[in-house]
1. As an exercise: evaluate Asp40 against (1) open to solvent by 80 Å² or more (accessible area, probe 1.4 Å); (2) under 21 Å from Thr7 (Cα atoms); (3) within 16 Å of the ligand (Cβ to nearest atom) and give the number of the one condition it does not meet.
2. Does region 45-95 hold any residues that are open to solvent by less than 50 Å² (accessible area, probe 1.4 Å), within 15 Å of the ligand (Cβ to nearest atom), over 13 Å from Arg114 (Cβ atoms) and over 27 Å from the mean Cα position of the chain (by Cα), and which are they?
3. From Arg154, Arg209, Arg183, Arg191, grab the single residue that is more than 30 Å from Lys27 (Cα to Cα) and either under 19 Å from the mean Cα position of the chain (by Cα) or open to solvent by less than 50 Å² (accessible area, probe 1.4 Å) (or both).
4. Anything in region 104-142 that is without any contact (Cβ under 8 Å) to a residue 12 or more places away in the chain and either on the phi > 0 side of the Ramachandran plot or more than 15 Å from the ligand (Cβ to nearest atom) (or both)? List them, or say none.
5. How about region 107-132: which of its residues are open to solvent by 40 Å² or more (accessible area, probe 1.4 Å) and part of a loop (DSSP other than H, G, I, E, B)?
6. Let me confirm something: among Glu104, Glu32, which residue is modelled with pLDDT of 95 or more and not aromatic (Phe, Trp, Tyr)?
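The values are calculated or read from the model by the stated rules, or taken from the named source; none is laboratory data. Note that the coordinates shown come from a computational prediction; the quantities given were computed from them, not determined experimentally. Ideal geometry is used to build each Cβ from the backbone, glycine not excepted, and the neighbour counts take in all protein chains shown. Heavy atoms of the whole protein, side chains included, go into the accessibility calculation; ligands, DNA and RNA do not. Shrake-Rupley method; radii C 1.70, N 1.55, O 1.52, S 1.80 Å.
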Amino acid sequence: MRFDIITIFPEIFNAYLNESIIKRAIKKKIIEAKVHNLRDFTADRHRTVDDYPYGGGPGMVMKPEPFFNAIESIKADGVKSRTIMLSPQGKVFNQDMALSMSKENQNLILICGRYEAVDERVRENLVDEEISIGDYILTGGELPALVIIDTVARLIPGVLGDERSKEEESFTWGILDYSQYTRPPEFRGLRVPDVLLSGNHKEISRWRRREALKRTMLRRTDLIEKVSLTDEDYKLLSEIKEEEG
Ligand code: 4FV
């Protein structure tokens, strides 16, 4: 899978794409990330990418021409790709969207806006999907683009060291993760739950499911309502309700 990123701050990506799991995935050619400086697709000597909003109002709007030039040049290789605009007006991103993007194996072109907005003609003519990473306002679309790249890339086979990590994680089951522990078994009098030291894997997985359900019930009832639960889960939930009173 290839990620083409269009931004006026390419440096922001160099740091993140050259570290850890993403760096290794690029090195192993499992994914490719190409950062395009929008200013390289301007025609004037000031490399202008923004202008005043028609109709007045605060701030500046990003011009359409540089985006049309950039996307036409990226698509010139004819490889099937999907163009995503990161903006607060988009569909709020979640794990299910990441999973389907990772399976589609389509190249993704990620448009990172800055200033107040991007000229609407870009959205109307070039954008296949608009995605928001949450209901808050950032200074730019670069962090949202990195969120998409990180979330999708780690779901591509071969990117994570241990594929199992994906099977057992928050939201994959539709509920939150269970609490985790590592050595030492006791730290400042704080002990690791005995069941985890027992080696009894049946009891351990029951405890973990119970913990995950409890945490989700206490923190994210919206998730509990959406997830399909087994009879065993209902037994665990009633135990937890007892316990939590
Ligand atoms: C955003 C979000 C976001 C809006 C104006 C960039 C900013 C500025 N993008 N999810 N939340 N974008 O706040 O994706 O140009």
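1. It fails just one condition, (3).
2. Residue satisfying the conditions is Pro53 alone.
3. Numbers: Arg154 fails: more than 30 Å from Lys27 (Cα to Cα); Arg183 fails: either under 19 Å from the mean Cα position of the chain (by Cα) or open to solvent by less than 50 Å² (accessible area, probe 1.4 Å) (or both); Arg191 fails: either under 19 Å from the mean Cα position of the chain (by Cα) or open to solvent by less than 50 Å² (accessible area, probe 1.4 Å) (or both).
Of the residues listed, the single one that is more than 30 Å from Lys27 (Cα to Cα) and either under 19 Å from the mean Cα position of the chain (by Cα) or open to solvent by less than 50 Å² (accessible area, probe 1.4 Å) (or both) is Arg209.
4. Within region 104-142, just Glu124 meets the criteria.
5. If the condition is that a residue be open to solvent by 40 Å² or more (accessible area, probe 1.4 Å) and part of a loop (DSSP other than H, G, I, E, B), then Arg114, Tyr115, Glu116, Asp128 are the ones that fit.
6. On the way: Glu104 fails: modelled with pLDDT of 95 or more.
On inspection, the qualifying residue turns out to be Glu32.
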